[in-house]
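What follows is one structure encoded as structure tokens, with my remarks underneath.
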Amino acid sequence: MDKREAVRVPVSVRAQCRCNDVIIDGLVEDLSRSGLFLRSPEWLRAGTEAEVDLVVPGESPLHLCAEVVRVEHGPDRAGMALRIVAQPENGKPLANFIMRHHASAR
């Protein structure tokens, strides 16, 4: 049983994760109002705070502040799970993007 508090939807959007001088480009494979999973062969340590820019088709990039909560090193799935700690303004652009993807996934 999934214990997440927010609906998580499968997506495929480019993202850039930044922490100090480290920049990691990757692909977000699932997203919710509270978190995301960024596929990438590079990662940051769990507990690291970072800024994430999601490249949303047809819109300005969404800028999020996040914290790395888990790192996966497996051959089938390498990347980072991030918890979103702050999002733009009132969070509407992120919520709208998630709702559009959730509706199309049904």
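Only the coordinates and a few stated rules stand behind these numbers; no lab work does. Note that the structure is predicted; figures quoted are calculated from it, not measured. For neighbour counting, all protein chains shown are included, and Cβ atoms are generated from backbone atoms with ideal geometry for every residue, glycine included.
Normalised by 2.2 N^0.38 Å, where N counts its residues, the alpha-carbon radius of gyration of segment 9-101 equals 0.99. The phi torsions of segment 75-84, fed into the Karplus equation with coefficients 6.51, -1.76 and 1.60 and a -60° offset, translate into couplings of x, 8, 8, 10, x, 10, 9, 10, 9, 7 Hz, rounded to whole numbers, with Gly and Pro shown as x.
Fewest neighbouring Cβ atoms within 10 Å first, the residues Leu54, Leu82 line up as Leu54, Leu82. Computed from Cα atoms, the angle from the helix 92-105 axis to the main principal axis of the chain rounds to 80 degrees. Dividing the summed -39500 (n - 2.57) terms of all DSSP H runs of n ≥ 4 by the residue count of the chain sets its mean residue ellipticity at 222 nm at -4500 deg cm²/dmol.
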